[in-house]
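Asker: So that we are looking at the same thing, I have put the structure below in structure tokens.
The values are calculated or read from the model by the stated rules, or taken from the named source; none is laboratory data. The shown structure was predicted, so the numbers you read here are calculated from the model rather than taken from an experiment. We place every Cβ from the backbone using ideal geometry, glycine too, and count neighbours over all the protein chains shown.
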Amino acid sequence: MEFFLGAFETEWQARKAALLHERSLGGARRLEDEERRRRGGSVAGAGLGAGRGSSGTDGRPARGRSGHGGRRGAGEPSMRSRFQRLSKGSQPVVVKLASFGSGGRLGAMIRYVSRNGQVAAENERGEQLLGRDGISAVGAEWDHLMSNRAESRDIGTFSVSVSKVGNQENFYEQARDILENALGNRRFVYSISLRPEINGFAIAGVSVLRDGAGERLTADRKASEIVQARIDQSSNGVERSVTFRFTGHGNGTDYGASRVRDLVASPDEVRDQAGREITDAKQASDLVQLEWRAHLHSRKSRDVMHLVLSARAGTDASAFHSAARDFLGRQFAGHRYMLSLHDPTDDPKAEADGGKRPHVHVHAIVAMRSEFGDRIETSITSFRQWRVGMAEAARAHGIDMEMTDRRDRASPPAFNRNQVRPISRSGRTEHEGTSDAAQSRYDGQRSDRHSFAQTTKSRNYTDIAKLEWGDIAQSGDGKGAKDFAKRQTNRLDTVDFSVDSNRNAAADHPNSLSQYKTHLVILEKVLSGDADMQQMNTNEFDAYEKLVTDALDRAERVMPEGQRKAFAEIAFAAREHVEARREMMQNEEAEKTADKPIESQAAERQSVREETPDERWNAAVAQHGAQAVEAANRVLLEVEHYRDALDKVGSRDDQVDQASLRASLNLELARAGELGASGNSLIREVADADTELRAAVEAAERSRERAAEKVKSDGMPNAGGQGVRPEEMPRERDAGDEDRNRRDEVDKAEVQGTAAKRAETRTETSRPEAGDTTRTDPAREHVPRIELQRDTDARRERDQDDHER
């Protein structure tokens, strides 16, 4: 079969086709060797790849092979051979995944590992990158591999000015009432400062931007206007003037904790939404890390990852550099990456600033997506395979290094960077824990405290490891190896004793008193958090009742036998409390219904009736504009026409007709997507409940972004980016145009009703029940109207500017 490489639209498709064709002719081995030579690594047979079964013929790591439970993955050395090398002095391999980053963080990460260009960096082709100019070129080369997905806005800072206050008492309670009306059920902290010049006070605060229903404020001018409107509507005749404004936003708990600590550092008293006072930085951090984290639903792009490969002090730097180069070239074939060696002898960064670490190590920045579109798998199995590969590469370059497992020696678990903060960088970096549990984990790691396995699978692994160490202690090579193996055997025997003791204790006390108390505290918080129960509707109250029931069930499952009588009293009181609250809520709803005048109730019943097509058309024109509705009308009629036709032929065995109709439907959906991407708010509103239409709009937006990026990189104007709307572009007429125009006139008033009914039906089928926790997935949650309106306004302004130019 002959390939015509010019038939492919993009360069990477042509390269992939050529590579597959070459391999089909038997040139796979030659291509792999050539690729390794170009990257500065050794070819197969030089020691690195010999006998290794962890990669396929294309040089990519195999997946799904585990070395857990005493079974080793393909290509992994046996436990006996690993232990023998460790007993003779081999150092453990360290491959640490330091962090992930988005495309926007790529430049900062590269500057960090290259010490702002002062340390030589090397890319996957073996090219040296020196100076700022060398490292600045990496971003442009990797740009096509970056998703550049914006990180979520999780935390917002705000300021409120309250003037002309009639009541000069309880300012904190007044501020809390204002913020509850403005922010709803979101978590927030605030402080106030008196402002005599305006006869009022000012509020400064920090808030979680996402509420329990999934609505996420964007903390920009549009969101400020929406919150201000809520405040104005809830004033209820109170004599005061309130002005609300968001002042900033950020992502994640680190940003939130920093902003709350800044607020606590001010001289004013700080309180949260429940009225609790926050007095110091530790309380501020705990509030964000422990209470706010679950409400953020934070997301970040994972476009690149930062790996650190470390060796013991005294390891030959040149050999370790070569080993790291070979490992990266084999493990991440097809991916873009860069690496930089940090040697304490020539590190330009001062020790006090975190440089000149007392051991040689290599930093690597790797693109998560390859040139072929594959993404790197980051699982426990993958990490184990990476350690195996790095150990093989090190041994190939004369470094005694071995892959280890935490269960080999019952070593303690590692700590991560969120659990500790550095306090001294002199020599080996010293840390302190960010919590009591984190400090305990850090102390255990530093003191090499015994840590026994909990699962049956890990226990079996440890039993096999103890037998292997025992055999080496009896028949090892040399006294040093035997002594080392004996120490490991004694260590695992100690772990066995600890495990048995804990098992006996667990048998005596099958249910934990501490867990029981924890669930009672949760129950107390749920019951005490319903101070304003009269504002709940029936669905919200059902969700609240479910929370109470779940808390009681969890507490009962771990209840110690001696607490049964006390728990029965607690459960009875909790259920009585819920029933009393239910009666209050029902009475309040009945009073609201009775207080409404007869005319108001009749108007409500009249508003429930179904609107006529003319009324729906007029309402759509008033909301979206005549031009937008006309354009949306034409394309939506075509979409509905082909959908109905597909439904009619769906029962017939006519694949040709179905394929033709599906192609026509896809074409009309693409037209609708272009229309929505250009700012047509009616299309975007219908797409909110239409999965196919929403996918078409998103595809059109991505296409526009790629075109804009290409224009930016080429430095040339693009006629397609001048704000020309799809409905304004000329289109060839065909025989079906007249029919479509006739349908436009006949069905003009029906499209809004059809689209609205379809949107209503799909919305009802996809709406979760109250209390449904499956809505917490950010990728699947309903797009909030606030963010949708903000995006629509921005697109409309951008298109208008382009049209004027």
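Asker: Do the conditions hold for Lys517, that is, is it basic (Lys, Arg), under 30 Å from Ala590 (Cβ atoms) and at pLDDT 70 or above?
Answerer: No: the conditions fail for Lys517.
Asker: If you scan the stretch 187-219, which residues turn out to be in a loop (DSSP other than H, G, I, E, B), surrounded by fewer than 21 Cβ atoms within 10 Å (Cβ to Cβ) and touching an Asp or Glu at 6+ places or on another chain (Cβ under 7 Å)?
Answerer: Residues satisfying the conditions are Gly214, Thr218.
Asker: Please enumerate the residues belonging to the stretch 430-485 that are among the aromatic types (Phe, Trp, Tyr) and within 33 Å of the chain's Cα centre (by Cα).
Answerer: Within the stretch 430-485, Tyr442, Phe452 meet the criteria.
Asker: I would also like to ask the following. Out of Leu287, Leu309, which single residue is surrounded by 20 or more Cβ atoms within 10 Å (Cβ to Cβ), modelled with pLDDT of 90 or more and not assigned by TED's automatic domain parsing to the domain that holds His361?
Answerer: Leu287
Asker: When you go through Asp262, Asp232 one by one, which is the residue that is at pLDDT 90 or above and either among the small types (Gly, Ala, Ser) or exposed (fewer than 15 other Cβ atoms within 10 Å of the Cβ) (or both)?
Answerer: Exactly one of Asp262, Asp232 is at pLDDT 90 or above and either among the small types (Gly, Ala, Ser) or exposed (fewer than 15 other Cβ atoms within 10 Å of the Cβ) (or both), namely Asp262.
Asker: A follow-up question, please. So, in the stretch 431-446, exactly how many residues are touching a strand residue (DSSP E or B) at 6+ places or on another chain (Cβ under 9 Å), part of a helix (DSSP H, G or I) and acidic (Asp, Glu)?
Answerer: The qualifying residues number 1.
Asker: Can you tell me which residues in the stretch 120-136 are surrounded by 14 or more Cβ atoms within 10 Å (Cβ to Cβ) and either outside the structural domain of Lys349 (by TED's automatic domain parsing) or part of a helix (DSSP H, G or I) (or both)?
Answerer: Gly134, Ile135, Ser136
Asker: Moving on. Give the residue, chosen from Ala313, Ala364, Ala319, that is within 29 Å of Glu76 (Cβ to Cβ), part of a helix (DSSP H, G or I) and in contact with a His (Cβ under 9 Å, 6 or more places away or on another chain).
Answerer: Unique residue meeting the criteria: Ala319.
Asker: Within the stretch 419-431, track down each residue that is surrounded by 13 or more Cβ atoms within 10 Å (Cβ to Cβ) and either modelled with pLDDT of 85 or more or out of contact with any Asp or Glu (no Cβ under 7 Å at 6 or more places or on another chain) (or both).
Answerer: Answer for the stretch 419-431, where residues must be surrounded by 13 or more Cβ atoms within 10 Å (Cβ to Cβ) and either modelled with pLDDT of 85 or more or out of contact with any Asp or Glu (no Cβ under 7 Å at 6 or more places or on another chain) (or both): Gln419, Thr429, Glu430, His431.
Asker: Can you name every residue in the stretch 121-175 that is over 25 Å from Ser340 (Cα atoms), aliphatic (A, V, I, L, M) and touching a Leu at 6+ places or on another chain (Cβ under 9 Å)?
Answerer: Those that are over 25 Å from Ser340 (Cα atoms), aliphatic (A, V, I, L, M) and touching a Leu at 6+ places or on another chain (Cβ under 9 Å): Ile155, Val160.
Asker: Taking the conditions exactly as written (over 30 Å from Thr345 (Cα atoms), assigned to a loop (DSSP other than H, G, I, E, B), hydrophobic (A, V, I, L, M, F, W, C) and under 32 Å from the mean Cα position of the chain (by Cα)), does Ala150 satisfy them or not?
Answerer: The answer is yes for Ala150.
Asker: Another question about this same structure. Picking from Ser318, Ser411, Ser301, which residue would you name as being under 24 Å from Tyr461 (Cα atoms) and surrounded by fewer than 19 Cβ atoms within 10 Å (Cβ to Cβ)?
Answerer: Ser411
Asker: Just the residues that are in contact (Cβ under 8 Å) with a residue 60 or more places away in the chain and hydroxyl-bearing (Ser, Thr, Tyr), please, taken from the stretch 192-218.
Answerer: Ser193, Thr218
Asker: In the stretch 450-464, how many are surrounded by 14 or more Cβ atoms within 10 Å (Cβ to Cβ), part of a loop (DSSP other than H, G, I, E, B) and not small (Gly, Ala, Ser)?
Answerer: Total satisfying the criteria: 2.
Asker: Also, quick follow-up: Is it the case that Val388 is among the β-branched types (Val, Ile, Thr), crowded, with 16+ Cβ neighbours inside 10 Å and touching a strand residue (DSSP E or B) at 6+ places or on another chain (Cβ under 9 Å)?
Answerer: Judged against the criteria, Val388 is not a match.
Asker: Moving to a separate point now. Return yes when Ser664 is in contact with a helix residue (DSSP H, G or I) (Cβ under 6 Å, 6 or more places away or on another chain) and part of a helix (DSSP H, G or I) and no when it is not.
Answerer: yes
Asker: Evaluate the stretch 502-514: report whether one residue or more is in contact with a helix residue (DSSP H, G or I) (Cβ under 7 Å, 6 or more places away or on another chain), at pLDDT below 80, outside any helix (DSSP H, G or I) and surrounded by 12 or more Cβ atoms within 10 Å (Cβ to Cβ).
Answerer: no
Asker: Okay, moving on. Which helices (runs of 4 or more DSSP H) sit wholly inside the stretch 249-310 and have at least 1 residues that are more than 28 Å from the chain's Cα centre (by Cα)?
Answerer: Output list reads 252-265.
Asker: Restricting attention to the stretch 82-106, report how many residues are modelled with pLDDT of 90 or more, assigned to a helix (DSSP H, G or I) and surrounded by fewer than 20 Cβ atoms within 10 Å (Cβ to Cβ).
Answerer: 1
Asker: Only residues that are touching a His at 6+ places or on another chain (Cβ under 6 Å) and surrounded by fewer than 16 Cβ atoms within 10 Å (Cβ to Cβ): list them for the stretch 367-385, please.
Answerer: Scanning the stretch 367-385 gives no hits.
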